[in-house]
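Q: The following block contains the structure, expressed as structure tokens.
Computed from the coordinates by the stated procedures, all read-outs in this text should not be read as laboratory data. It should be emphasised that the depicted structure is a prediction, and the values quoted were computed from it without experimental measurement. For neighbour counting, all protein chains shown are included, and Cβ atoms are generated from backbone atoms with ideal geometry for every residue, glycine included.
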Amino acid sequence: MTPSSGSSDALYGAPRPRRSQRIWWLLATVVVLAFELTLLWLARTPRVDDHYRRYFIEHATTCYRPMGEVPVLTPGERYPVRKGESLGNCGVLWAGFYSPQPDVPVSARLAEVTLRLRVAPEVSPAGSQAVVVALELSRFPDSAAALPVEVMIGEQTVTRWPVGGRYERFEVEVPAALIASDGSFSLTLKGPPPIAPRDAGLDANKFPVGLRLDALTLRSPLGLTPARAQP
Amino acid sequence: MNDSVTAGPRSTLGERFKTLAAETPPPAEALARAQAVRIPWGHILLALLVTRAVWLAIALWGDHSYLHAMAQFDGSWFKGIMTRGYDVEARGMSDGDAANWAFFPLYPALLWLVTLGGQLDPELMGVLLSNALLAVALGLGCRYLAITRPGAPLLLFVWLAASMPYSFYFSALYSESLFWLLCLASLIDWRCQRTGRVMLWTLLLSMTRATGVFWVIAMGIELVARLRLRAFAELWRRPDWLLIGVVGPLGLFLFMALLYHRTGDALAFSHVQISWGREMGNPLTNLIEGLSYWQSAPETLRPAWQASMALIGVGLIGWLGVQRRWLEMGLAGFTLFVPLATGLDAIPRYMIGMPVFVLALHDLLTRLPRTLAWGLVMLGALANLWLVENWYDTVFWLV
């Protein structure tokens with residue numbers, strides 16, 4: 001017998017179910033199918049928290065949840081923002097940043113990324129003094145033209161930076177009112193949409209890259225560290 | 001004139017392909033062959049004992065714990081499911097983003113049963129369970145060979161499956177041997193048209209591994225390939241086939257219901273794959289990129305080797321297609337290309353975990369002179385010893 005010849009009876013010669021039984025087979029099929037369709041509908045509407053949705057479903061960030069403590073920053077010290085460094089962990093880079101390797105600056109997969117930062121109590125005792133945050137920042141790819149990046153402290157927009165493909169140092173003053181009593185604040189950057197290296201014609205990498213952050217430094221508004229500014 | 005020149009080789013090639021086409025017996029004949037075959041149980045046990053004894057000797061020689069090694073990597077996830085069930089939230093591994101949702105429930109459920117609810121040593125019982133499942137699977141494999149490849153050398157199949165490269169997975173606390181058993185059982189009963197049993201086996205298959213879902217799709221491919229458009233009309237007359245189509249993936253849907261209850265996400269088994277770096281992409285791009293490593297960075301062996309294995313898999317799929325073994329071809333195709341879309345990791349394991357790849361390899365070996373075929377099986381067994389040694393050394397690319 002050739003594989004594609006003959007009737008189905010000849011190929012699959014088992015007795016067909018009787019006509020009277022057929023309705024029960026079909027009914028069972030409908031019941032199972034209804035269950036499966038219900039599950040598919042539930043799969044479309046997961047009951048999960050925001051962390052889960054952003055990480056597992058939307059793949060918006062490589063940090064599932066903030067992990068570990070947000071380190072206290074010392075004024076005047078330059079902090080590389082990389083995997084393995086104190087500012088390269090999921091405690092700080094918890095929204096939108098990608099930190100693949102120890103020797104590579106972190107990059108953003110989203111247009112909007114957030115850093116969670118904390119200053120030493122003596123820098124801003126009970127939120128009474130402003131601090132200046134300096135970021136060494138660029139935009140992917142290296143040839144990118146400078147475009148405005150909105151800088152937000154908490155929910156408030158404080159400035160806009162023209163960020164291009166070359167690393168530059170940008171500074172923003174964080175008003176004392178926006179620093180919490182424990183010295184913590186969040187710094188959000190809203191830039192142009194990220195672009196995948198593949199779409200930029202550079203290599204086969206399909207994951208989008210937006211802003212690239214190399215290092216972060218903190219200082220007082222006077223340009224001096226508080227320790228030196230004190231009488 | 002030109003037509004006549006080109007028509008000759010074409011028809012010759014077509015005729016050659018026709019001679020390779022396998023005969024598929026009608027169900028009554030398949031049943032008769034299945035009942036008539038004498039399964040070489042003695043050889044199955046001998047092959048398992050000899051190969052496992054050699055692996056054990058390597059472990060003792062290298063001062064490794066055989067049982068502990070067989071329960072590493074995914075085995076530890078299965079043990080975790082057996083003892084504490086499915087995670088409510090992700091917290092595992094260094095980034096705190098891993099959970100045991102990627103591991104399907106049937107194997108850990110069996111592990112729970114054979115350890116009497118966790119009272120017996122899970123590593124010992126798991127190794128015994130996996131090997132017992134493989135012994136039954138090999139028996140079923142012989143039966144399936146007798147149905148679809150009458151006269152095929154059963155002993156060659158038994159020794160090939162028991163000793164080939166990567167066959168140590170069948171001894172580990174992995175679900176490969178269970179998957180083999182269920183897949184071969186469903187293939188046998190499909191050929192014999194015992195559709196009630198097919199429903200049960202395929203349901204269990206989709207509770208064992210995600211690739212179990214592809215069985216019913218492959219069944220659809222066979223029906224369309226053999227009946228053409230009549231297949232759709234036939235579904236109305238054969239509602240039992242229709243029911244197989246929805247009961248086959250039911251195991252997965254039941255697992256999804258469990259995950260929805262535990263985590264709130266019915267697709268958690270798929271979403272959690274990101275913790276292992278797996279994201280959906282283009283399988284051909286992944287394959288070509290992996291192969292390009294041979295040229296661009298030959299020192300980076302892992303992706304190049306895995307892509308090469310995938311390429312062998314593509315060849316075996318084509319070989320099954322040439323033989324018009326549509327169901328087997330469909331199963332092999334989905335088992336290779338869907339994981340390949342998410343990356344090259346564990347591709348050899350996906351291939352070895354699907355018995356139709358080994359059947360295709362066996363088909364090729366049976367076309368060689370007997371001595372050469374057995375020589376190649378021996379060579380494969382020796383290559384596997386090197387892999388076993390690496391497995392004991394917890395080499396990560398064998399996960």
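Q: Zone of B:Leu46 (label point 7 Å along Cα→Cβ, backbone N under 14 Å): which residues in the range B:122-159?
A: Hits in the range B:122-159 for B:Leu46 at 14 Å: B:154-159.
Q: Moving on. Subtracting the Cα-Cα distance from 0.36 nm times the residue separation, let me have the gained length for B:Arg302 to B:Trp386 in nm, one decimal.
A: In short, 28.7 nm is gained.
Q: How do B:310-323, A:26-39 rank on mean C-beta neighbours within 10 Å, highest first?
A: Result, highest mean Cβ count within 10 Å first: B:310-323, A:26-39.
Q: Around A:Ala146, with a cut-off of 12 angstrom between Cβ atoms, what is the net charge of the other residues, counting Lys and Arg +1 and Asp and Glu -1?
A: Taking every Cβ under 12 Å from that of A:Ala146, the sum is +2.
Q: While we're looking at this one, here's another question. With the Cα gyration tensor of the range B:339-399 giving a ≥ b ≥ c as the square roots of its eigenvalues, does the rule (a/c under 1.5 for rounded; else a/b larger than b/c for prolate; else oblate) give rounded, prolate or oblate? It would help to have the intermediate numbers written out before the result.
A: Numbers: a/c = 3.72, a/b = 1.40, b/c = 2.65.
Judged from the Cα gyration tensor, the range B:339-399 comes out oblate (a/c at least 1.5, b/c at or above a/b).
Q: Can I ask one more? Suppose R0 equals 45 Å; then what is the FRET efficiency for A:Asp103 and B:Val338 from their Cβ-Cβ distance, rounded to the nearest 0.05?
A: 0.85
Q: What residues of the range B:305-339 lie in the reach of a label at B:Ala32, counting those whose backbone N is under 15 Å from a point 7 Å from the Cα along Cα→Cβ?
A: Once the point is set 7 Å along Cα→Cβ of B:Ala32, nothing inside the range B:305-339 turns out to lie under 15 Å by backbone N.
Q: Please provide three numbers in whole Å: the alpha-carbon extents of the protein assembly as shown along the principal axes, with the largest listed first.
A: For the protein assembly as shown, the Cα extents along the three principal axes come out at 100, 63, 59 Å.
Q: Quick one: Debye curve from the alpha-carbon atoms of the range B:287-368 only, equal weights, vacuum; give me log10 I(q)/I(0) at q = 0.15, 0.18 Å⁻¹ to two decimals.
A: -0.52, -0.71
Q: Can you tally the net charge around A:Ala176? Count Lys and Arg as +1, Asp and Glu as -1, for every other residue whose Cβ sits under 14 Å from the Cβ of A:Ala176. Working shown, then result.
A: Values: positive: none; negative: A:Glu122, A:Glu173, A:Asp182.
Net charge around A:Ala176: -3.
Q: Over all pairs of distinct alpha carbons, what does the Kirkwood formula give as the hydrodynamic radius of the range B:297-336, in Å?
A: The answer is 10.9 Å.
Q: Taking a cut-off of 29 Å, what percent of all Cα-Cα pairs in the range B:24-398 are separated by more than that? Each step should come with its number before you reach the end.
A: Values: 29115 of 70125 pairs.
Value for the range B:24-398: 42 percent of Cα pairs lie more than 29 Å apart.
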